[in-house]
Each structure stands twice: as C-alpha cells, then as structure tokens.
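**Q** For reference, the structure I am asking about is given below.
The values are calculated or read from the model by the stated rules, or taken from the named source; none is laboratory data. All figures in this text were calculated on a predicted structure; none of them were measured in a lab. Counting neighbours? That spans all protein chains shown, and the Cβs are built from the backbone with ideal geometry, glycine included.
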Amino acid sequence: MTKRVFLKLLILLLVVIGVSTTALDLLVRRNWEHSLLTQLNQDLRDKAQMFAARVEHEVGIIPFQQLAKEEGAAARARATIIDRSGKVLADSEANASEMENHATRPEFVAALNGHVGADTRTSHTLGIEFVYVAAPTSFGAVRLAYPLASVRADISKIEKELLEASAVAFLVGLAVALVGAESISRRLGRMVAFAQEIAAGNLAARLPESGTDEISQLAMTLDKTARQLETNFHNLANSRQQLETLLNSMDDAVVAVSPKQEVAWFNGAMKPLAAGKLAFGTPLIRAVRDPDLLRVVAEVLEKRTVKSATLYSVSPGRIFGVTSAPLPDGGVVCVLRDSTEIARVERTRRDFIANVSHELRTPLTSLLGYTETLMDESADSKAREFLEIIRRNAQRMSRLTEDLLTLARVESGEERLQQVSVSANELLRDAQVSFSELATGKGLAIEIAESPEATVFADRDAIHQVFANLVDNALKYASGTKKIEIGATERFGNLEFYVRDFGQGIPSEHLPRLFERFYRVDKARSREAGGTGLGLAIVKHIVLNHGGQAGVSSQLGHGSVFWFRLSISEVNAEVAGEAAMKRG
Ligand code: ADP
C-alpha cells in the first residue's frame with residue numbers, strides 16, 4: 001500500500017512538473033518570438049524611414065547604388081531603391097537591372113499609398129525568407145529586407161537554453177518529489193501499521209508524531225483515540241470483572257439467554273442446576289430441562305416484560321422461583337432462587353393451621369350442639385343469656401376454622417381447579433339465584449347490571465365462593481341500601497366481574513391492604529356482622545389460582561366496587577366470533 005501511495009504521489013508530481021515546464025516553455029518561447037519579431041519590425045520601419053529621408057536628401061548627390069550599399073550595411077539588411085513604376089533603381093545585394101518589377105509587392109503598394117508597408121515572404125531573387133519594410137519617397141519607395149533565418153537562429157538558441165533549464169528544473173523537481181513522496185508514504189505506512197495493530201486488538205500500540213501538518217495532526221488524533229480506547233477498555237474490563245465476581249458470589253443462579261435462546265452467560269451457582277454441560281452458545285433447552293423456565297423465557301422474549309414463575313423440575317426435590325427480565329440486546333436474564341426451604345416452612349405453617357382448624361371442628365360442633373340442647377332445656381333466663389353468648393362465640397370460632405381451612409386449601413394450590421369454559425352470564429345468574437334469598441332477607445335486591453357474551457375458563461365452585469364472599473360483604477357493609485349490582489365487562493382482553501354496593505364506602509388509605517388476611521377497616525363492626533377478616537384473602541387466592549387479578553375501588557359515601565379479572569377463554573373467542581357473525 002505504501003508503495004502504491006509513493007508511486008501515485010511520484011507520478012502526480014512528475015505530471016505537475018512536466019506540464020508546468022512545457023507550459024512555461026511554450027509561453028516563454030512564443031512571447032520571445034513575438035517580441036523579437038515586433039522589435040525587428042519596428043527597427044526596420046525606423047531604419048526604412050531614415051533610409052527614405054536620406055535618399056530624398058542626397059538624391060542627385062550620391063548615386064543610388066552607393067546609397068543602397070551604405071544604408072544596407074548600416075542597417076545590416078538588404079536595401080533596395082524602387083521608382084514609382086516598381087522598377088528597381090538600386091539594390092545593395094543584387095544587380096538592379098536584373099531584378100523583377102516590384103510594383104505588385106504588398107509593402108511597395110502600401111508605400112506608394114503613403115504608408116510604411118511590411119511583409120514577410122521568400123525572396124524570388126535569393127530564395128530565403130525575409131521581412132520586407134518599405135517607406136515612401138517622392139519618386140517611389142525605399143525598402144529594407146532582413147533575413148528571418150538569423151531571427152530563427154536566435155529563437156532556436158533561446159529554445160535550446162530553455163529546454164536545458166527545463167530539464168534541470170525537471171531533474172531537481174524529480175529529486176524533490178522523490179524525497180517528498182517517500183516521506184509522505186513512509187508516514188502513511190506507519191499509520192496503516194498502527195491502525196492494523198489496533199484492529200488486531202493491541203490497544204497498547206502508539207503512534208509517536210509531533211509535527212504540525214495535517215498528517216501529523218491525524219496521527220496525533222489517532223494516537224489519542226487509541227489511548228482513550230485503552231482506558232475505556234480497561235474500565236469496562238474492570239467493571240465486567242467486578243460484576244462477574246459479584247454474580248459468582250451470589251447464592252442465586254443467574255443465566256443470560258440470547259434472542260436465539262442460547263446460553264449467553266451464567267454464574268457459578270447455575271452450573272449445578274444444568275441438565276447437560278453448560279457452555280456459551282448451548283441451546284437453553286439442552287442446558288436446563290424445565291418446561292416452565294423455557295416457557296417464561298419464550299414469553300419474556302416475545303413480550304419484553306418481566307415474568308416470574310415457580311420451577312419444580314430444575315433439580316429433583318427442589319423448588320425454584322425464577323424472575324426473568326428482558327436485556328437491552330434482545331436477550332433475557334433469569335435469576336433462579338432456591339425457595340425449597342421457604343416453601344417447606346410455608347407448607348408446615350399451612351398444614352399446622354389446617355390441622356388445628358380441622359381438630360377444632362369436632363369439639364366446636366359438639367360444643368354448639370350441647371349449648372343449644374342446654375338452651376332448649378334451661379328455664380333460668382340468666383343461664384340462657386350466658387348460653388347464648390357461648391353459642392355465638394362457638395359459631396364465630398366455627399366460621400373462623402372453616403374460613404381458615406378454606407384459605408389453607410386455596411393458598412396451597414394443591415387442590416386442582418376443575419376449570420371449564422363457562423359463560424359470564426351463567427356465573428352471574430348462578431350468583432344472583434344463590435344469594436337473592438339472603439339479600440331479600442336483608443331488604444336488598446341483587447341486580448345483574450351487564451352481562452357480555454363472553455366465556456372464561458374457570459372452576460364454577462371456586463368462582464361461586466368468590467361471589468359468595470363479595471356478596472356477603474356487600475350485604476354486611478351496605479345494609480340500609482336498596483340494591484347490589486353484579487355484572488361483567490370486557491377490559492384489556494379480560495373479563496372483569498364486579499360486585500357493586502351503594503353503602504358507606506371504604507376510606508382510601510385502607511384499600512391497598514384490604515385483601516390481606518385479618519385486615520379489617522372496623523374490627524368491631526366486622527365482628528358484630530359475623531366477619532372473620534379472611535373473606536377477601538380467600539377471594540384473592542382463588543382469583544390468583546385462576547391466573548387473574550382482584551381489586552377494589554371505593555368512594556366514601558357512595559359505595560364500593562369489588563372486581564376480579566379472568567382471561568377470556570378461546571372458546572369464547574369462537575363464540576364471540578359466531579355471535580358477531582350472527583349479529584352481522
Ligand atoms: P370480613 O370477614 O371482616 O368481612 P373480609 O376479608 O371479607 O373480612 O373484608 C375485609 C374488610 O374489608 C372488612 O372487615 C370490611 O372492613 C371491608 N369491606 C369488605 N367489603 C366491604 C364492602 N362491601 N363495603 C365496605 N367495607 C367492606
């Protein structure tokens with residue numbers, strides 16, 4: 001490459017020198033020739049006029065032949081004296097009587113007209129090229145002729161000198177061009193080598209240059225860029241190392257997956273969890289044999305949102321929680337946390353509560369039975385009053401144990417949901433029919449506000465339980481009003497069921513915690529109304545088990561809306577499609 005630059009530069013410089021010397025040659029030669037001829041012309045005119053004046057003055061005193069000879073010698077030209085008819089009277093170099101008539105010579109014609117005439121042509125007499133200049137006299141004209149050959153000899157001498165000077169200039173230029181091209185191509189060559197080193201990854205390469213021209217400035221800028229690149233690279237390598245150390249010291253397993261679902265990075269904790277050999281570029285499906293993890297990764301790749309799941313088959317007998325998040329490069333990072341111990345403790349807690357509730361069931365039933373029998377048989381009003389208190393509390397405890405059992409059951413998720421495609425209308429009607437008697441007893445009516453033609457994939461009994469808890473709350477906390485509205489509406493591709501009452505509503509600060517177990521806005525009122533504080537927690541878990549969401553919105557003095565969203569089932573899409581076709 002350096003050779004090519006050198007050659008190009010050299011050729012360019014040679015062309016420049018060649019063109020400029022040729023142009024100079026041409027210009028100088030032309031100018032020179034032109035000015036020589038002009039000067040010669042002017043000189044001959046002056047001399048011809050002086051010749052004419054002398055002839056006029058000396059006519060009859062000195063013979064024409066002598067005059068011609070003297071003037072010819074003085075002017076170093078051929079001198080001729082011609083009469084009006086064109087006849088040559090005397091000539092400094094030829095015999096006048098033998099010469100042709102000059103009447104038609106252009107310079108002579110001009111002189112006869114009173115001007116100084118000039119012409120350049122080959123002489124008939126001598127056969128060489130002359131510059132002729134004729135000046136008028138009273139009897140005709142005088143003429144001077146100068147051979148052009150001597151002017152041409154002068155010009156070719158000058159030409160030769162010019163050529164010699166040009167050749168010297170060319171040689172000097174060539175030497176300078178050689179040195180210049182060599183220096184530039186050497187400097188460019190250094191830069192190319194430097195750039196190749198940087199490209200090959202050697203960021204420690206340097207390009208020392210200290211001049212002030214553009215090439216030096218380019219070299220210095222490249223050098224500065226390389227330094228900057230090296231510093232940035234070191235910083236990057238340091239932070240990468242820190243991050244790797246940090247991730248490797250974590251108990252959680254981390255694996256990054258490329259958009260092609262191949263392992264892009266993993267930490268130390270991930271290695272024991274891999275089914276096969278874990279290496280960069282291994283397809284995730286071969287590295288980790290857990291369908292839920294693969295599903296979560298595929299979902300995050302598609303939707304670009306954070307997703308979580310519980311993994312049961314990553315490692316035998318262990319449970320992992322995974323959180324997957326999208327990476328800026330289009331991939332996904334998964335953090336796997338071993339939650340076996342937490343799950344075990346949680347299960348122990350749930351089992352304990354379920355067992356206690358279960359164990360309390362029988363004694364409570366017998367307590368209630370005996371209390372009611374005693375009440376029937378007792379005549380003492382004080383004793384009846386105490387027995388009533390015992391009965392009420394036993395009933396509360398019984399409700400509490402039932403709710404605790406239900407909560408433990410739905411929380412564990414162990415009980416499989418019997419999910420089927422069921423229409424919104426059916427679920428709402430079922431709720432209306434089931435609870436209308438209870439509502440009427442409290443002076444309230446249950447109305448279906450809206451019921452779209454949509455289907456959800458749900459466990460009827462579980463959803464019945466959800467409606468039971470929500471309607472029960474509405475009846476408890478909105479007593480004194482006239483109606484409760486239930487309904488469903490399509491929202492964000494889901495079906496949102498709701499139970500709306502027109503009671504006192506709930507202060508906004510309580511809303512975020514309302515679905516927590518045992519959370520009550522007004523404990524005394526809840527207890528008085530027979531509440532356990534577990535109804536909404538049960539609702540939340542049943543809805544979560546369906547993959548849905550539950551929530552509340554409320555306005556003080558205007559009432560509350562408790563809602564839960566279930567995703568619309570595919571059967572519904574078909575039904576909706578058919579319905580739309582029928583409508584259309
Ligand atoms: P409880 O058995 O006490 O009703 P829940 O979990 O069903 O327990 O409800 C939690 C609390 O939410 C209740 O104690 C009550 O304060 C409030 N709440 C629930 N539903 C309503 C409603 N429809 N109107 C007003 N407050 C309500």
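**Q** Name the pairs whose Cβ atoms lie under 8 Å apart, with the first residue in the range 351-372 and closer than 14 Å to A408 by Cα and assigned by TED's automatic domain parsing to the domain that holds L400, the second assigned to a helix (DSSP H, G or I) and of a type in the set (G, A, S), and 6 or more positions between them or separate chains?
**A** Every condition considered, the pairs that remain are D351/A408; I353/A408; A354/A408; S357/A408.
**Q** Determine if the range 100-114 includes at least one residue that is within 22 Å of L36 (Cβ to Cβ) and touching a residue at least 60 places away in the same chain (Cβ under 8 Å).
**A** The answer is no, given that none of the residues of the range 100-114 is within 22 Å of L36 (Cβ to Cβ) and touching a residue at least 60 places away in the same chain (Cβ under 8 Å).
**Q** OK, next. With the condition kept exactly as written, say whether any residue in the range 52-70 is out of contact with any His (no Cβ under 7 Å at 6 or more places or on another chain), under 21 Å from I155 (Cβ atoms) and of a type in the set (D, E, K, R). So that I can check it myself, show each step before the final result.
**A** Here is the first cut: in the range 52-70, the ones out of contact with any His (no Cβ under 7 Å at 6 or more places or on another chain) are 52-70.
Among the residues that remain, those that are also under 21 Å from I155 (Cβ atoms) are: none.
No, that holds for no residue.
**Q** Test each condition in (1) under 26 Å from T310 (Cβ atoms); (2) within 50 Å of the chain's Cα centre (by Cα); (3) near the ligand (Cβ under 8 Å from one of its atoms) for S554 and report the one that comes out false.
**A** Failing condition for S554: (1).
**Q** Something else now. State which residue is modelled with the highest pLDDT when the search covers only the range 548-578 and only residues that are outside any strand (DSSP E or B) and surrounded by 14 or more Cβ atoms within 10 Å (Cβ to Cβ).
**A** At the first step, the residues of the range 548-578 found to be outside any strand (DSSP E or B) are 548, 556-558, 569-578.
Now narrow it down to the ones that are surrounded by 14 or more Cβ atoms within 10 Å (Cβ to Cβ): 548, 569, 571-572, 575-576.
Working: G548: 94, S569: 84, V571: 52, N572: 44, V575: 44, A576: 40.
Residue satisfying both the conditions and the ranking: G548.
**Q** Next up: Within the set of pairs 6+ apart or on separate chains, which have a first residue in the range 533-553 that is under 15 Å from L417 (Cα atoms), a second that is β-branched (V, I, T) and outside any helix (DSSP H, G or I), and C-beta atoms under 7 Å apart?
**A** No pair meets every condition.
**Q** Shifting gears a bit: Just give me the residues in the range 427-449 being among the acidic types (D, E) and either closer than 21 Å to A478 by Cα or at pLDDT below 95 (or both), in sequence order.
**A** So the first thing to find is which residues in the range 427-449 are among the acidic types (D, E), and the list is 430, 437, 447.
The answer is E437, E447.
**Q** Taking interchain pairs and intrachain pairs at least six residues apart, which have beta carbon atoms under 7 angstrom, with the first residue in the range 28-43 and assigned to a helix (DSSP H, G or I) and the second aromatic (F, W, Y)?
**A** Once the first residue is assigned to a helix (DSSP H, G or I) and sits in the range 28-43, its partners that are aromatic (F, W, Y) give L40/Y146.
**Q** Working carefully through the options G127, G114, find the one that is exposed (fewer than 12 other Cβ atoms within 10 Å of the Cβ), among the small types (G, A, S), at pLDDT below 85 and on the phi > 0 side of the Ramachandran plot. Can you show your working first?
**A** Numbers: G114 fails: at pLDDT below 85.
Among G127, G114, only G127 is exposed (fewer than 12 other Cβ atoms within 10 Å of the Cβ), among the small types (G, A, S), at pLDDT below 85 and on the phi > 0 side of the Ramachandran plot.
**Q** Considering only the range 171-189, I want to know if a residue exists there that is within 24 Å of L10 (Cα to Cα), touching a residue at least 12 places away in the same chain (Cβ under 8 Å), in contact with an Asp or Glu (Cβ under 9 Å, 6 or more places away or on another chain) and not assigned by TED's automatic domain parsing to the domain that holds G321.
**A** The answer is yes, given that some residue of the range 171-189 is within 24 Å of L10 (Cα to Cα), touching a residue at least 12 places away in the same chain (Cβ under 8 Å), in contact with an Asp or Glu (Cβ under 9 Å, 6 or more places away or on another chain) and not assigned by TED's automatic domain parsing to the domain that holds G321.
**Q** Answer yes if at least one residue in the range 252-274 is more than 22 Å from L311 (Cβ to Cβ) and over 28 Å from the mean Cα position of the chain (by Cα), and no otherwise.
**A** No.
**Q** Just need a number here: residues in the range 37-84 that are among the β-branched types (V, I, T) and surrounded by 17 or more Cβ atoms within 10 Å (Cβ to Cβ). Spell out how you get there, then give the answer.
**A** We begin by selecting, within the range 37-84, every residue among the β-branched types (V, I, T); these are 38, 55, 59, 61-62, 80-82.
Among the residues that remain, those that are also surrounded by 17 or more Cβ atoms within 10 Å (Cβ to Cβ) are: 55, 80-82.
Qualifying residue count, the range 37-84: 4.
**Q** Would you call V410 within 17 Å of V539 (Cβ to Cβ) and touching a residue at least 12 places away in the same chain (Cβ under 8 Å)? I'd like the intermediate steps shown before the answer.
**A** Values: within 17 Å of V539 (Cβ to Cβ): yes; touching a residue at least 12 places away in the same chain (Cβ under 8 Å): yes.
Taking the combined requirement at face value, the residue satisfies it.
**Q** Just to be sure I understand, how many residues within the range 428-444 are among the aliphatic types (A, V, I, L, M) and loosely packed, with under 14 Cβ neighbours inside 10 Å?
**A** Narrowing the range 428-444 to residues among the aliphatic types (A, V, I, L, M): 428, 431, 433, 438-439, 444.
With loosely packed, with under 14 Cβ neighbours inside 10 Å added as a condition, the list becomes 433.
The number of residues fulfilling the criteria is 1.
**Q** Could I ask something else about it? Please go through (1) aliphatic (A, V, I, L, M); (2) assigned to a helix (DSSP H, G or I); (3) more than 26 Å from A529 (Cα to Cα) for V420 and return the number of the only condition it doesn't satisfy.
**A** (2)
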